[in-house]
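Data block below; observations after.
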């Protein structure tokens, strides 16, 4: 079953980049406390993700955080090196936490897997966003086709904050 309003987020190991290199971190530790905006993308450096989705959150990050959000997090089925490079290329700074889900464990546990094999990308995540309150989904913004950038955009999320 896909993640739904009222569900708790799955607790799985993710990867993030630190000054010491890639570091494991559990989703519950970074998404499970406070008010969090999470957005998931099919893949770093892919067209919709790089031209629309991430840039929208970068440009609206201050507005989102000003609405009482404690953390903005981006997750993709990529490794920590790719997520870090993508964050640097888009100047996310410390406004957006870049999380790698290299084995698609979070996507699978959330029921948000996307079979992108026909595009040569293997298993990925559907595109969505969620507003989390202490790890529970308060609002969910899932793209109808799983890949468009509309329902899960920073603008759409801002209307619910």
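Readers should treat all values here as calculations from the given coordinates under stated rules, not as data from a laboratory. As the structure is a prediction and not an experimental result, all values here were calculated from the model. When we count neighbours, we look across all protein chains shown, and the Cβ atoms used for this are built from the backbone with ideal geometry, even at glycine.
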Rounded to the nearest 5, what is the percent of antiparallel bridges among the DSSP beta bridges in the stretch 13-158? 65 percent
What spacing in nm lies between the two simple spin-label points modelled at residue 19 and residue 33, each 7 Å away from Cα in the Cβ direction? 2.1 nm
Under a crude label model (7 Å from the Cα following the beta-carbon direction), how far is residue 145 from residue 161 in nanometres? 2.8 nm
Distance between the C-alpha centers of the stretch 22-62 and the stretch 129-154? Whole Å please. 11 Å
Please find the FRET efficiency linking residue 4 to residue 88, where r is the Cβ-Cβ separation and R0 is fixed at 35 Å, and quote it to the nearest 0.05. 0.55
Mean 1/r over distinct Cα pairs of the chain, inverted to a Kirkwood Rh in Å, yields 15.2 Å
